[in-house]
Structures are given as C-alpha cells and as structure tokens.
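Structure first, then comments.
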Amino acid sequence: MTFLEQYPHMKIIRALARRRKQDVFLVGGFLRDFMLGRDCHDFDFAVSGQAIPLARTFAQKIKGAFVLLAQEHHCARVAKKEKGRILTFDFAGYRAPTLRQDLQHRDFTVNTLTVHLNECDDQTVLPKAVVGTRKALSDIRARRIRMTSVKVFEEDPLRILRAFSLKASLPFEIEPLTRRQIKKDRALLSRVSAERIRDELFKILETERAARCLKELDRIKVLDLIIPQIRIMDQVKQGTYHHLDVWPHSLETVVQLEKLFRKIIKIPGMTDYLMEPLGGHRTRWALMKLGALLHDIGKPEAKRKQDQRTLFHGHERIGKDMVNVIARMLKLSTKERFRLMDMVLWHLRPGYLSNLKNPSAKALFRYFRDTKEEAVSIALIAMADQKATRGPLTTEEDQKHHEAICWRLIHNYFEQKKQVPCARLISGHDLIRELQLSPSPLFAVILQRVEEQQALGKLKSRREALALARRMAA
C-alpha cells in the first residue's frame, strides 16, 4: 500500500499546501515510530508561511476539531475521532528561515526525520520517502536519545521530561552528553506550566518502565522539581518491619506494583478497570503509580518514638491532605484528585484486615463501602507496599496472609460487579415522612447502618429497616 493510500489525510494536506503554494513537511514522532514499526496516530507538520490558516482549512475539510495552540508560535492542532481512536494533526510554522534550520530547533535527533508532502505522489511509499541525517538514522537504529543542540532545553525546558518519556515508551537510552545537559539545565523546569509537566509525567507513568524512569529522575534531582513535597521523605528512617527508609521504600513500591501487572492483567475485568480514563486520557493505572509513590508522604510529619519503637500513627490522613495539594498543583481533574486521596487514605486497610485470620463479612463490607471504586487499586497498592517491606520483623507467613487477603478483596470486587445491586430499603424521605425526623448528620449514620445490615442479610424488608432507624433515632 502506498503512503497516500494508507494515510488519506495526507492527500488532503498535500492538496491544500499546493493550492496555497506552501511547503509542508511531515516531521518527527510519526516517522520515528514508523521506522521502529510502532503504530502512531499523532502527526506533526512543519509549514512554510502561515500554519494556522492551513490547519483551520484542513479542520473544515475533515470536519475535525480545531485548537489554537500558540498564536505567537504559529501552532495549531486538528483532532478527529475515527474508528474508535483520536487522530491529532499539529501544524507549526518554521522556527527559522529554512526547514534545515528549523530542524536544528527540534528536541532530539530521532525526531528530525521528514517527508516533503508536496512532492509525494500516488506511488510514494515509506520509508523510501523519508529524509533524515545520518546521525538521526543511526540514533534510531541504536535506540539512542540525543539532543540536537545544547540549547534545546533552554528553548523548551519540558524537553527534559520528554527525554524520559521517550526513554520509557520507546524504550531508548539517553546518551551521556544529553544526560549531562539535562542535569545542568534542570532548574529551567520552573518555567514550564503545570499542565505540560503533568502530561509529560503521565506519559511516563502510563508505561511499564515508569519505576525505572522515576528512579533516574530522582537520581538527577529532577523528580523533586516536579513534586517538591517528596523532599521531606528523604532519609526518614523506619521501624524494624522495613529494610528501606521512607523514600527508597516509596520508589520500591512502584517497582513492585509494576511487577504485579503481569499477574493481575489476566483477571477478568481488570484491563478495563486499570485502563479507565479518570482525567483526559490519563488512566487509573498511571494514577495508581503516583499513589504508590506518594502513599507514605505523611510519615515524616507523623513520626514518633515510643518505647524504642518508631511509630507513624495517622500518616495516611496527613498524606491524604498532602496529595490533595499535590493533585491541585499538578492540575489533575477533580475525579483524579479524590481517587488519589482515597488511595493514600485507605492504603493501610488491607493490612488491618490481614491482622484477622478470617475477616468477617461486616469488615469486608465496610472495606468496600469506604474504598468504593478504588477498592482494587488500594488492594494492589497495599500488596506492592507489603512486597517492598522486608525488615527483620517481617515474616514470610505474614506476607503470604496479607497477599491472600488482597487477592480476596480484588476477586470479591469483580464478583460484586457482576451482581445486580439491591434496591435500598429506605431513603432520607422515609426518615422525614415516617419518623418525622428533621434532616441532620444523623441521616447518613442511619442510612449507612441500614445499608450495611441489608448487605449482611440481617434486614430484608422496609418495615425492618424502619424499625432499626426508629431505634437509632430514639
């Protein structure tokens, strides 16, 4: 299949470029991924002259959504949903008088491949039409990330993080000179908007190599520029159940969470659960890794010494308030923020259940009542947390029991999802109408207790539910 047959949108852009007497080059990531045999739905174009009017006309032609990215930099995006996937087309004017000079302003050599759309015909095939420098082609073959010049991070400091998102997703290695320049320029990240940092961070978290990249970002002191609050976890000693201090333990929890992926992905319903978008295109799986990284962030403030023991009572509640601030700082959606807070607040609950040989139906009900949709993510973070804990007081028997409880919670969650929810026996209206109660915080207590007793099979009728409500209100 020829290039234009495989990608018919290119024919439309070619026609518009010829009509407007503009040169349009397909550049960057799509061609890089094509050379690597990877599927890609994002297309970048370098345009001579005005790029924004071209993008606007293209959007009208394909009935796509037009988004102005930066008027001053002549950048615009067109998005179009086709066959269940989102295609994005980014158009940008040259950042220099010629294309050759423009390519010197791109981030990495692997993103400097080009195809001149104006010269494509119906017989053009890839990769024959791809033009690239010897360095670009050799870096792609060697899977190497190399800056195009020492000024790339100064021009756009987000490229510091992009180097690691490419490393995580492709996967490539960052060559030594580029790594040294990143360390030199890392403070420039303070100039980048929170939204752009968030998006690049989540590109890393979505990959199966996130833990490795987080450790590298930590080593070169970039991670604490993104999330300054993590600094307080550094060199905080823990008790004898742990073999690592708080911060390395937190990083190791992300490692263990990623190791669990191959086991859990086979559970029916798990893929949809993990890949559910909670904000934009950001998935629960990526948010869980952030939750694992931050689950103990409340420990430094909660740390106390008692009878030669190190205690962290209440660290989960302190941590919940801290991740609320972090989520707002990273401009996460409201849903992501509350889900992240739940992951941190409840991450100890599976451990409390594992203190019992066989948790009661009431204890299990209350776990699912409190953790709601994050019941599985919390169980998985708890399991990873336990696997990252190998101090002298940690026994293999305790770890196996804890893991068994977590698996039980996970399987119970998906079993409950298959069942039809029971209709509520009474509501707040019944408390007002039947018991002549005035609305108050007591309503929530009564209705929660009725729901629990109904789930445990101890209430089966509206009459029994009202009787319990009457006793509680007396």
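Residue pairs exceeding 29 angstrom between C-alpha atoms, taken from LYS183/LYS335; LYS167/LYS331; LYS151/LYS259; LYS167/LYS259: LYS183/LYS335; LYS151/LYS259.
Compute the length gained on full extension between GLU415 and ARG179: take 0.36 nm times their separation in residues and subtract their Cα-Cα distance, giving the result in nm to one decimal.
Stretched out fully, the GLU415 to ARG179 stretch lengthens by 80.2 nm.
What per residue convex hull volume, in Å³, comes out for segment 45-149 when only alpha-carbon positions are used?
That works out to 141 Å³ per residue.
Defining a contact as two alpha carbons under 8 Å apart and six or more residues distant in sequence, what relative contact order in percent does the chain show? Relative CO of the chain lands at 9 percent.
Normalised by 2.2 N^0.38 Å, with N the number of residues, the alpha-carbon radius of gyration of segment 215-260 equals 1.20.
On the principal axes of its alpha carbon atoms, segment 226-294 extends 39, 27, 12 Å, with the longest extent given first.
Loop-located trypsin sites (Lys or Arg not before Pro) across segment 126-195 with a Cβ neighbour count of 10 or fewer within 10 Å are LYS128, with loop assigned by DSSP. Only bridges whose two residues both fall in the chain count here: according to DSSP, what percent of them are antiparallel, nearest 5? Expressed as a percentage, antiparallel bridges in the chain total about 75.
In the assembled protein chains, CYS422 presents an accessible area of approximately 110 Å² (probe radius 1.4 Å). Using a Förster radius of 30 Å, what is the FRET efficiency between HIS401 and LYS266 based on their Cβ-Cβ separation? Nearest 0.05, please. Approximately 0.85, to the nearest 0.05.
Rg and Dmax of segment 434-474, based on Cα coordinates, read 9.9, 28 Å. Remark on segment 262-310: hydrodynamic radius 13.5 angstrom, per the Kirkwood mean of 1/r across alpha carbon pairs. Working note: 222 nm ellipticity from helices only, DSSP H runs with n ≥ 4, each -39,500 (n - 2.57), summed and divided by the residues of the chain, gives -15500 deg cm²/dmol to the nearest 500.
For segment 329-474, the mean projected area of the C-alpha convex hull, equal to one quarter of the hull surface, is 11.9 nm². Computed over segment 105-174, the P(r) curve from all C-alpha pair distances, binned at 5 Å from the origin, holds 3, 16, 23, 20, 17, 11, 7, 3, 0 percent per bin.
With a probe of 1.4 Å, find how much accessible area segment 361-474 has per residue, and write the answer as a whole number in Å².
57
Going by accessible surface with a 1.4 Å probe and the largest first, ILE160, ILE267 read ILE267, ILE160. The radius of gyration of the Cα set in segment 3-95, together with its Dmax, comes out at 12.6, 35 angstrom.
Give, rounded to the nearest 20 debye, the magnitude of the charge dipole that segment 344-391 has about its Cα centre when Lys and Arg contribute +1 at Cβ and Asp and Glu contribute -1 at Cβ. With Lys and Arg at +1 and Asp and Glu at -1, about 200 debye. Volume per residue for segment 221-338 equals 125 cubic angstrom (convex hull of Cα atoms). Ordering ILE204, THR371, TRP285 by Cα displacement along the dipole of the chain toward the positive end leaves THR371 in first place; charges were set at the Cβ atoms of Lys, Arg (+1) and Asp, Glu (-1). Principal-axis analysis of the Cα atoms of the chain puts helix 375-387 at an angle of about 90° to the longest axis. Relative to the globular-protein estimate of 2.2 N^0.38 Å, the Cα radius of gyration of segment 157-229 stands at 0.99.
Could you give the accessible area per residue of segment 145-288, probe 1.4 Å, as a whole number in Å²?
I get 44 Å² per residue for segment 145-288.
Binning the alpha carbon pair distances of segment 184-262 at 10 angstrom intervals from zero yields the distribution 16, 46, 31, 8, 0, expressed in whole percent. Annotation: Cα Rg of segment 400-443 relative to the compact-globule expectation 2.2 N^0.38 Å equals 1.96.
From the alpha carbon centroid of segment 255-273 to that of segment 4-63 is 37 Å.
Could you give the angle, 0 to 90 degrees to the nearest 10, between helix 442-455's Cα long axis and the longest principal axis of the Cα atoms of the chain? Roughly 90 degrees between the two axes.
The distance linking segment 166-244 with segment 364-437 is 32 Å (Cα centroid to Cα centroid, whole angstrom). The loop-placed trypsin sites (Lys or Arg not before Pro) in segment 248-293, going by DSSP, that have at most 15 neighbouring Cβ atoms within 10 Å of their Cβ come out as LYS266. Expressed in Å, the radius of gyration and Dmax of the Cα atoms of segment 361-406 are 12.1, 35.
Here the dipole of the chain is about 260 debye; that uses its Cα centre as origin and unit charges on the Cβ of Lys and Arg (positive) and Asp and Glu (negative).
With 10 Å bins from zero, work out the P(r) of the chain over every alpha carbon pair and list the percent per bin. Once binned at 10 Å, the Cα pair distances of the chain give 4, 17, 23, 21, 16, 11, 6, 2, 0.
The angle between the Cα long axis of helix 361-371 and the longest principal axis of the Cα atoms of the chain comes to about 40 degrees, rounded to the nearest 10.
Computed over Cα pairs, the Kirkwood radius of segment 110-243 leads via Stokes-Einstein (1.002 mPa s, 20 °C) to a diffusion coefficient of 126 µm² per second. Treating cross-link reach as a plain straight distance, find the lysines whose alpha-carbon is under 19 Å from the alpha-carbon of LYS418, omitting any fewer than eight places away in the same chain. Within the straight-line limit of under 19 Å, LYS418 reaches these lysines: LYS266, LYS372.
Once neighbouring chains are kept in place and the probe is 1.4 Å, which whole percent of the accessible area of segment 93-189 is contributed by carbon and sulfur?
Carbon and sulfur: 51 percent of the exposed surface of segment 93-189.
If Rh is defined by the Kirkwood formula over all Cα pairs and Rg also comes from Cα, what ratio Rg/Rh do you get for segment 157-196?
Value, to two decimals: 0.99.
If you plug the beta carbon distance of GLU464 and LYS237 into 1/(1 + (r/R0)^6) with R0 = 56 Å, you get a FRET efficiency near 0.60.
When the accessible area of segment 338-474 is computed with all protein chains present and a 1.4 Å probe, what percentage of it is carbon and sulfur?
54
The values are calculated or read from the model by the stated rules, or taken from the named source; none is laboratory data. Just so it is clear, the structure is predicted and the values come from calculations on it, not from any experiment. Here Cβ is always computed from backbone atoms with ideal geometry, including for glycine, and neighbour counts include all displayed protein chains. For accessibility, only protein heavy atoms count, side chains too; no ligands or nucleic acids. Shrake-Rupley method; radii C 1.70, N 1.55, O 1.52, S 1.80 Å.
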